[in-house]
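Visitor: Here you go, one structure.
The values are calculated or read from the model by the stated rules, or taken from the named source; none is laboratory data. Everything numeric in this text was worked out from a predicted model, so none of it was measured. Here the Cβ positions follow ideal geometry from the backbone for every residue, glycine too, while neighbour counts run over all protein chains shown.
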Amino acid sequence: MSEAPPRPEPGVVDAVDAVVGDLLPTAEAVPRTQWQLFRRRFVRHRAAMAGTAVLLLLLVACFGADWIAPAEKGKQDLLAEPAGPSWDHPFGVDQLGRDYLTEVLYAGQVSLRIGLAVAVISTVVGSILGALAGYAGGWVDSALMRLTDLFLVIPQIALLAIALKRFGSSPLVITLVLAALFWMGVARVVRSQVLVIKQREFVEAARAAGASDLRIVARHILPNCIGPITVNATLAVALAIVAESTLSFLGFGVQRPDTSWGNMLTDARGFVGTDLSFLIYSPGLMLLLVTLAINFIGDGLRDALDPQSTR
């Protein structure tokens, strides 16, 4: 028979136990809230964080143009010749002797304001109509969905051009008209979510407890649709900015004295291939950066709000 291994001395055992105890965590794991999980996933999404940084930088630069812009809005120096980007004028000087960086920043205020307002209005309207259609069902659902289908098949650019020709091209009118054509996607997404959520046990429990339909929708169903609603709202901002720029480029958008990135592109389209072609790059670059940043943020929100996400 083999001899039993020698037992360690009690002092050695106590020392090993103390070291192991210091290395192993003694506190119980604290469960994370939904907000903490969302924030952790979103912060780890590099593209979303880069998009957030770029969007915040553009918002601060455009809406802080009164303090950041190197010149006054619309200030002309008729003796100055058009010139490309330089240290004194980072975006150059246009044909009217204006500092182009200043004009781009102030034009960004109009474009961003229209995009944000359209996203908020269309998201609110679409969420209400989608929740109503999904929860009520029956003829209400059929009527609202047929109305949604009708708006979807109408050529939007043609309808926008007709409406703006009839009611004018002020930023307020453009915002309302765009919002009237951007609510359909949100409504369809919210309706599909409500059709699933209203069959859940917690909704049946709220109904059995005597909660009204309005309270059930507002307090129990819509909060569980916040993920798709938020993602669609961010994408609506980019779509609205691009739509406004397209209208301005076609001559139906924001009119003077107001300025947007779209009509800046319209004013500069005749300079393609000339020494003044740099006037196209600045507003075009701003549109590109805003669109990419908002789409990256939307991707990050989709991944962060997805409970099945493993990122």
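Visitor: So which residues in the stretch 39-62 are touching a residue at least 60 places away in the same chain (Cβ under 8 Å) and crowded, with 16+ Cβ neighbours inside 10 Å, if there are any at all?
Guide: 41, 42, 45, 48, 51, 52, 54, 55, 58 - these are the residues of the stretch 39-62 that are touching a residue at least 60 places away in the same chain (Cβ under 8 Å) and crowded, with 16+ Cβ neighbours inside 10 Å.
Visitor: When the residues of the stretch 156-174 are narrowed to those that are surrounded by fewer than 14 Cβ atoms within 10 Å (Cβ to Cβ) and within 15 Å of residue 256 (Cβ to Cβ), which ends up modelled with the highest pLDDT?
Guide: For the stretch 156-174, the residue satisfying everything is 170.
Visitor: Something else about it: What pairs can you find where one residue is in the stretch 74-88 and in contact (Cβ under 8 Å) with a residue 60 or more places away in the chain, the other is small (Gly, Ala, Ser), and their Cβ atoms are less than 6 Å apart, with a gap of 6+ or different chains?
Guide: Listed by first residue and then by second, the contacts come to 84/92; 85/92.
Visitor: So, residue 138, is that one at pLDDT 80 or above, under 25 Å from the mean Cα position of the chain (by Cα) and small (Gly, Ala, Ser) or not?
Guide: On the way: at pLDDT 80 or above: yes; under 25 Å from the mean Cα position of the chain (by Cα): no; small (Gly, Ala, Ser): yes.
No.
Visitor: So, one more: Identify, please: which residue in the stretch 186-211 is closer than 18 Å to residue 140 by Cα and of a type in the set (Gly, Ala, Ser) and is, among those, surrounded by the fewest Cβ atoms within 10 Å (Cβ to Cβ)?
Guide: In this case the residue turns out to be 192.
Visitor: If I filter the stretch 228-238 for residues that are surrounded by 16 or more Cβ atoms within 10 Å (Cβ to Cβ), closer than 13 Å to residue 169 by Cβ and either modelled with pLDDT under 85 or hydrophobic (A, V, I, L, M, F, W, C) (or both), do I get at least one hit?
Guide: No, because not a single residue in the stretch 228-238 is surrounded by 16 or more Cβ atoms within 10 Å (Cβ to Cβ), closer than 13 Å to residue 169 by Cβ and either modelled with pLDDT under 85 or hydrophobic (A, V, I, L, M, F, W, C) (or both).
Visitor: Determine, yes or no, whether residue 70 is outside any helix (DSSP H, G or I) and in contact with a strand residue (DSSP E or B) (Cβ under 6 Å, 6 or more places away or on another chain).
Guide: yes
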